[in-house]
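Visitor: I have a structure here, written as structure tokens, and I will follow up with some questions on it.
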Protein chains: 2
Amino acid sequence: MAGVSIASASRVLNGHGASVETERRVREAAASVGYVPNAVARSLQAQRTDMLALAVEDIGNPVYVAMMRAIEEVAAGAGYRLQVHATGADVAGEVELLDGLARRYVDGLVISPIRITDAHLAALARVPTPVVVVGSLPDDMPTTKPIDNVRADSHTGVGLAIDHLVAGGRRRIGFVNGPLDTVPGAARQAGYLDALDAAGLPFDPELVEPADFHYAAGRAATRRLLDRAEPDAILCANDLIAVGALHALLAAGKRVGEEVALVGMDDTDLAEMSFPQLSSVSLGSAERGRLAAELLLARLAEPGRPAQRVTVAPTLVVRASSDTAAKQENP
Amino acid sequence: MAGVSIASASRVLNGHGASVETERRVREAAASVGYVPNAVARSLQAQRTDMLALAVEDIGNPVYVAMMRAIEEVAAGAGYRLQVHATGADVAGEVELLDGLARRYVDGLVISPIRITDAHLAALARVPTPVVVVGSLPDDMPTTKPIDNVRADSHTGVGLAIDHLVAGGRRRIGFVNGPLDTVPGAARQAGYLDALDAAGLPFDPELVEPADFHYAAGRAATRRLLDRAEPDAILCANDLIAVGALHALLAAGKRVGEEVALVGMDDTDLAEMSFPQLSSVSLGSAERGRLAAELLLARLAEPGRPAQRVTVAPTLVVRASSDTAAKQENP
DNA sequence: GTGTGAGCCGGAAACGTTTACAGCGCACTG
DNA sequence: CAGTGCGCTGTAAACGTTTCCGGCTCACAC
């Protein structure tokens, strides 16, 4: 240290007012010795870490990648760093993570659990740090602790897809869903049933086949579906499943987009990159990430604000895999 | 606090030996008041944060996603958390990040810069924290500061692809590369030239077309290539470009795998999911991530160890887009 | 000449831990 | 019974900052 108190040094380094002479001496000393302030000590004193966390099942899933990218962008823009956790959809692990927030190593968390259990709700109720949940929280959340919530609207999204297919003349619409005990799986199943009903189509259990939310499972499930039924369209609960379905259909010699229309969900990069290009219902993953991050920052800025619940509207992106108009023009 | 000194409390909570009576009282008090140790204070005292960082150009790029996933896995397994940074390939930003490590908010960094400049090397030389670089560091690194380095072998990888294509009877092998001023772009260009040479094929500048490492650029570049030449095979510098090329080829009415063979690089999930499935040279992105994380942990454990340089061997994964045997069997 | 306020400064406390050190009691040994 | 050593405990320092508070100097106004 060269000639001045610690307090003064701190003041000039944070621009809190010092005489020009003091400022010069501190800056010179700092530069000569290569001083860099210690972030951990600063965090301890400031009671904030300038870090956010994201917890999702699989940080390699395109949906979560899109979400993560959006979150990282708004976090970095606001001077926060982002920490990622792959939970593997393990409930105990997710609860442990939530309880771990009490250690205060991050300022806030965005979590997108694929299942939301009572254990999750209990952990959320006692969490000392802002958390925003991406995915549907029950309506009767205890209002004591405000938990912000951003949702996709799978139900409406499935409706968009079914309406589009029906408008294209499709009547036997298959559905390859993810596990029914997951939040998105359950919502999409309900959406499928309701949309069929609204369109006046009968529900045929032969036409629905469960899978996991992955490529291989989607491919296998579609193969099973084709073995026992003749759908003229297939809706898939996500794009990975849809690409699997695409392969199964092509392998079975089906002309996709003509004989069988195909629609995925999430509108990931995959949809544009597959061939034929895949129609897909965008549930706004990037948008949800962006909103989640913004809600988190807003709560950090104003802890007392009322809990927000925002849901992003789905949109249908029509491409060749279900583009009936193109089919009619170019048979 | 219930009846015992802070030191004793710390000791029982860390299992450092205390009488059963003290232990009972501390645990009871902790449970009753819901005590959770503060990670920041612990970090300040321990001089470690139990956190690693990963910095890549774009955390959405499938190559980096695979890398990140592997790193997160080994980090989490060793009790470390992972922080991610999207650098946008901005040199100033990357240097700033490196210099920021002096703030000690992470214990170590894995960085994969797409270009490695003198500014990078200078920053690496003064960095106070372990860093492992994924990508090729120059051979004459100053040995004072040991920087671990894991590399792909693009040069050999390109050779594998060319040899495979030549073995399949291809003679006019196009090449859609990424920017030549990037580390991978330069290496792949050199590999292409050397492999042609080794195979006794002439170099025809008409057959090579630069692009960016992305889908749309790959598609556009391939279109340009097809407009002026008639390749019987195309090698692409990564899978995103290759999928773009695939679309351009299909749109031009080419039978991919027969008329024109197509090979990508990186062997991302995309390769398996495109149709026809894409042959691709695996450069081991997940493996490189895993190794990088392990090197980092090893250096954290033993800071003085000599700098390691490991390179992972490429492998060629042949699929339908270049499977000449299949073509000959099923003309 | 005295009082007042502004500007700057240093001392010290605080953030929440871990750990070196010394002291204490006790059992065991010779 | 004295000596030795062990197991446990509390005190206090340390990690590296920021900030509160009181004191000093100085200019200015009355």
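Visitor: Checking the conditions here, which among A:60, A:77 is more than 16 Å from DNA strand D (Cβ to nearest atom), closer than 27 Å to residue B:88 by Cβ and loosely packed, with under 15 Cβ neighbours inside 10 Å?
Guide: Unique residue meeting the criteria: A:77.
Visitor: For region B:1-57: of the residues being within 30 Å of residue B:72 (Cα to Cα) and among the acidic types (Asp, Glu), which is surrounded by the most Cβ atoms within 10 Å (Cβ to Cβ)?
Guide: Result: B:57.
Visitor: Go over the candidates B:171, B:188 one by one and state the one that is touching a Gly at 6+ places or on another chain (Cβ under 8 Å), of a type in the set (Lys, Arg) and outside the structural domain of residue B:61 (by TED's automatic domain parsing).
Guide: None of the others qualify; the one that does is B:188.
Yes/no matrix, rows are residues, columns are (1) free of Cβ contacts under 8 Å to residues at least 60 places away in the same chain; (2) assigned by TED's automatic domain parsing to the domain that holds residue B:67; (3) out of contact with any Lys or Arg (no Cβ under 6 Å at 6 or more places or on another chain):
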residue: B:95; (1), (2), (3): yes, yes, yes
residue: B:105; (1), (2), (3): yes, yes, yes
residue: B:111; (1), (2), (3): yes, yes, yes
residue: B:115; (1), (2), (3): no, yes, yes
residue: B:122; (1), (2), (3): yes, yes, yes
residue: B:162; (1), (2), (3): no, no, yes
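Visitor: Hey, another quick one. Please go through region B:38-50 and give me each residue that is out of contact with any Ser or Thr (no Cβ under 7 Å at 6 or more places or on another chain) and facing chain A (nearest Cβ under 7 Å), ordered by number.
Guide: First, the residues of region B:38-50 that are out of contact with any Ser or Thr (no Cβ under 7 Å at 6 or more places or on another chain): B:38-39, B:41-42, B:44-48, B:50.
Of everything in region B:38-50, those that are out of contact with any Ser or Thr (no Cβ under 7 Å at 6 or more places or on another chain) and facing chain A (nearest Cβ under 7 Å) turn out to be B:38, B:39, B:41, B:44.
Visitor: Would you call residue A:72 at pLDDT 95 or above and more than 7 Å from chain B (Cβ to nearest Cβ)? Walk me through it before giving the result.
Guide: Details: at pLDDT 95 or above: yes; more than 7 Å from chain B (Cβ to nearest Cβ): no.
No.
Visitor: Here's a check for you: in region B:85-94, which residue that is within 22 Å of residue B:63 (Cα to Cα) and surrounded by fewer than 23 Cβ atoms within 10 Å (Cβ to Cβ) is farthest from DNA strand D (Cβ to nearest atom)?
Guide: So the residue we want is B:89.
Visitor: Search region B:11-47 for residues being closer than 21 Å to residue A:128 by Cβ and of a type in the set (Gly, Ala, Ser), and hand back the single one that is nearest to DNA strand C (Cβ to nearest atom).
Guide: B:41
Visitor: Taking the condition of being surrounded by 17 or more Cβ atoms within 10 Å (Cβ to Cβ) and touching a strand residue (DSSP E or B) at 6+ places or on another chain (Cβ under 7 Å), how many residues in region A:202-220 meet it?
Guide: So the answer is 5.
Visitor: So if I check each of A:188, A:104, which one is under 21 Å from residue A:64 (Cβ atoms) and crowded, with 20+ Cβ neighbours inside 10 Å?
Guide: A:188
Visitor: When you go through B:64, B:35 one by one, which is the residue that is within 12 Å of chain A (Cβ to nearest Cβ), modelled with pLDDT under 95 and in contact with a Leu (Cβ under 9 Å, 6 or more places away or on another chain)? Talk me through it step by step, then tell me what you get.
Guide: Details: B:64 fails: modelled with pLDDT under 95.
The match here is B:35.
Visitor: Right, here's the next one. Can you report the number of residues in region B:254-309 which are charged (D, E, K, R), within 20 Å of residue B:55 (Cβ to Cβ) and more than 19 Å from the chain's Cα centre (by Cα)?
Guide: Quick first cut of region B:254-309, residues charged (D, E, K, R) only: B:254-255, B:258-259, B:266-267, B:269, B:272, B:287-288, B:290, B:294, B:299, B:302, B:305, B:309.
Narrowing the set further to residues that are within 20 Å of residue B:55 (Cβ to Cβ) leaves B:266, B:287-288, B:290, B:294, B:299, B:309.
Of the ones still in play, those that are also more than 19 Å from the chain's Cα centre (by Cα) are B:299.
Of the residues in region B:254-309, 1 are charged (D, E, K, R), within 20 Å of residue B:55 (Cβ to Cβ) and more than 19 Å from the chain's Cα centre (by Cα).
Visitor: Right, here's the next one. Within region A:79-88, which residues are touching a strand residue (DSSP E or B) at 6+ places or on another chain (Cβ under 9 Å) and either part of a helix (DSSP H, G or I) or under 22 Å from residue B:70 (Cβ atoms) (or both)?
Guide: Pass one, region A:79-88, residues touching a strand residue (DSSP E or B) at 6+ places or on another chain (Cβ under 9 Å): A:80-87.
Those that are touching a strand residue (DSSP E or B) at 6+ places or on another chain (Cβ under 9 Å) and either part of a helix (DSSP H, G or I) or under 22 Å from residue B:70 (Cβ atoms) (or both): A:81, A:82, A:83, A:84, A:85, A:86, A:87.
Visitor: If you go through region B:219-269, how many residues are free of Cβ contacts under 8 Å to residues at least 40 places away in the same chain and on the phi > 0 side of the Ramachandran plot?
Guide: 1
Visitor: Something else about it: Just to be sure I understand the filter: pairs with C-beta atoms under 9 Å, separated by 6 or more residues or on different chains, first member in region A:273-298 and in contact (Cβ under 8 Å) with a residue 40 or more places away in the chain and acidic (Asp, Glu), second member surrounded by fewer than 21 Cβ atoms within 10 Å (Cβ to Cβ) and part of a helix (DSSP H, G or I). Which pairs pass?
Guide: A:294/A:74
The rows are residues; the columns are (1) outside any loop (DSSP other than H, G, I, E, B); (2) within 24 Å of residue A:244 (Cα to Cα).
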{"residue": "B:201", "(1), (2)": "no, no"}
{"residue": "B:212", "(1), (2)": "no, no"}
{"residue": "B:216", "(1), (2)": "yes, yes"}
{"residue": "B:222", "(1), (2)": "yes, no"}
{"residue": "B:230", "(1), (2)": "no, no"}
{"residue": "B:246", "(1), (2)": "yes, yes"}
{"residue": "B:262", "(1), (2)": "yes, yes"}
{"residue": "B:270", "(1), (2)": "yes, yes"}
{"residue": "B:276", "(1), (2)": "no, yes"}
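The values are calculated or read from the model by the stated rules, or taken from the named source; none is laboratory data. Worth saying up front: this structure is predicted, and the values here are computed from it rather than measured. When we count neighbours, we look across all protein chains shown, and the Cβ atoms used for this are built from the backbone with ideal geometry, even at glycine.
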